[in-house]
Amino acid sequence: EAAVTQSPRNKVAVTGGKVTLSCNQTNNHNNMYWYRQDTGHGLRLIHYSYGAGSTEKGDIPDGYKASRPSQENFSLILELATPSQTSVYFCASGDWDSYEQYFGPGTRLTVL
Amino acid sequence: GDSVTQTEGLVTLTKGLPVMLNCTYQTTYSPFLFWYVQHLNEAPKLLLKSSTDNKRTEHQGFYATLHKSSSSFHLQKSSVQLSDSALYFCALSPDGNEKITFGAGTKLTIKP
């Protein structure tokens, strides 16, 4: 079965601080995604990647950067965290032929 | 742009009754439609997917039919169980590409 892991699982950060959320997948999928989940908004796409070295802006990229140093790893970076970025963040991986995305367990981020 | 609408935010039913969760979409492309299910404190998982017009697709007792004429992909089950309590997301991939747009989600609660 597909395996996507995220770290940390919970994070408390201060306003203006830098936060890095990490994601690792062992599925050998080309595509990886970062979403945030907020009540009433469903899952919203922040950044995604087609493969190592590539990052693309999703629907809500402002305030976030992404990095894909390898096939397995995809990071989401908040350079200057704000309380509005308090949310649950999900990483997912997927490939072109199945159209299915496999999600990690999520990271709960609180920015105080 | 592409969008997915789920009209019910919260549905509460008694065990054994039928359920239909509504999903309509907008896209100018030939769509792939999905239903994802997320149980409490878990990651979203794929439940159903379809790109074929007027063909019923089924999984784990749930079923849905993509109707391109009405831009709909409603999720149904004939008899709900307590274990069906979860958050259900309808999602759209225009033309089967790498990006998925999720609806806001419907929280289904089943009572004994």
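Worth pointing out:
- The combined condition, being under 16 Å from residue A:28 (Cα atoms), surrounded by 14 or more Cβ atoms within 10 Å (Cβ to Cβ) and in contact (Cβ under 8 Å) with a residue 40 or more places away in the chain, is not fulfilled by residue A:81.
- The range B:73-88 - residue that is under 25 Å from residue A:92 (Cβ atoms) and among the polar types (S, T, N, Q) and, of those, nearest to the other protein chains (Cβ to nearest Cβ): B:85
- Just so you know, in the range A:86-112 the residues that are more than 11 Å from chain B (Cβ to nearest Cβ) and free of Cβ contacts under 8 Å to residues at least 60 places away in the same chain include one that is surrounded by the fewest Cβ atoms within 10 Å (Cβ to Cβ), and it is A:86.
- Flag for residue B:57 being more than 19 Å from residue B:7 (Cβ to Cβ), at pLDDT 95 or above and within 14 Å of chain A (Cβ to nearest Cβ): yes
- Once the range A:57-76 is narrowed to residues that are under 19 Å from residue A:15 (Cβ atoms) and in contact with a His (Cβ under 8 Å, 6 or more places away or on another chain), the residue that is surrounded by the most Cβ atoms within 10 Å (Cβ to Cβ) is A:76.
- Among the residues making up the range B:1-45, a single one is touching a Phe, Trp or Tyr at 6+ places or on another chain (Cβ under 6 Å) and without any contact (Cβ under 8 Å) to a residue 40 or more places away in the chain: B:43.
- Residue tally, condition touching a Cys at 6+ places or on another chain (Cβ under 8 Å) and more than 16 Å from residue B:3 (Cα to Cα), over the range B:92-111: 0
- Some residue of the range B:91-104 being among the basic types (Lys, Arg) and surrounded by 18 or more Cβ atoms within 10 Å (Cβ to Cβ): no
- Filtering the range A:1-23 to residues that are without any contact (Cβ under 8 Å) to a residue 60 or more places away in the chain, surrounded by 13 or more Cβ atoms within 10 Å (Cβ to Cβ) and not small (Gly, Ala, Ser) leaves only A:20.
- Among the residues of the range B:74-103, those identified as closer than 17 Å to residue A:103 by Cβ, small (Gly, Ala, Ser) and in contact (Cβ under 8 Å) with a residue 60 or more places away in the chain are B:91, B:93, B:103.
- Candidate set: the range A:1-45, residues that are of a type in the set (Ser, Thr, Tyr) and within 15 Å of the chain's Cα centre (by Cα); chosen: the one nearest to residue A:75 (Cα to Cα): A:22
- Considering the range B:1-40, and only residues there that are part of a loop (DSSP other than H, G, I, E, B) and hydrophobic (A, V, I, L, M, F, W, C), the residue that is surrounded by the most Cβ atoms within 10 Å (Cβ to Cβ) turns out to be B:23.
- For the residues B:91, B:104, B:64, B:43, the requirement of being assigned to a strand (DSSP E or B), small (Gly, Ala, Ser) and within 12 Å of chain A (Cβ to nearest Cβ) singles out B:91.
The values are calculated or read from the model by the stated rules, or taken from the named source; none is laboratory data. Keep in mind that what you see is a predicted model, and the values were worked out from it rather than measured. No Cβ is skipped: glycine too gets one built from the backbone with ideal geometry, and neighbour counts run over all protein chains shown.
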